[in-house]
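J.: Pasting a structure below so you can have a look.
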Amino acid sequence: MTIRTGPALMAGELITFERWYHRVTVEARPNREHIVLSANQYYRVPPGDSVAALAPARPGEFHTRGA
């Protein structure tokens, strides 16, 4: 599922969506795998599943993973 296409995201950028009232601030995270693994442990996600996370598919395009 594509949730956003367009120019590459930059750290500190505020992202809004047409049909979703939330706002998202882009943050650079060098340890993103650790964050997802920690979230899986916190939410007690079964082995083989994962919390949803954004991951670049191609520059400027993000898809959900684990959803």
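J.: DSSP loop (so not H, G, I, E, B), at most 13 other Cβ within 10 Å: list which trypsin sites (Lys or Arg not before Pro) in segment 1-50 pass both filters.
T.: The qualifying sites are Arg19, Arg44.
J.: While we're looking at this one, here's another question. Using DSSP to call loops (not H, G, I, E or B), can you name the GluC sites (Glu not before Pro) in segment 1-49 whose Cβ has at most 13 other Cβ atoms within 10 angstrom?
T.: Loop-located and lightly packed - Glu13, Glu18, Glu27.
J.: Would you mind calculating the gained length between Glu27 and Leu14 on full extension (0.36 nm times residue separation, minus the Cα-Cα distance), in nm to one decimal?
T.: Going from the current span to full extension adds 3.7 nm.
Read-outs throughout are calculated quantities, based only on the coordinates presented, and are distinct from any laboratory measurement. None of these values were measured; they are calculated from a predicted model. Here Cβ is always computed from backbone atoms with ideal geometry, including for glycine, and neighbour counts include all displayed protein chains.
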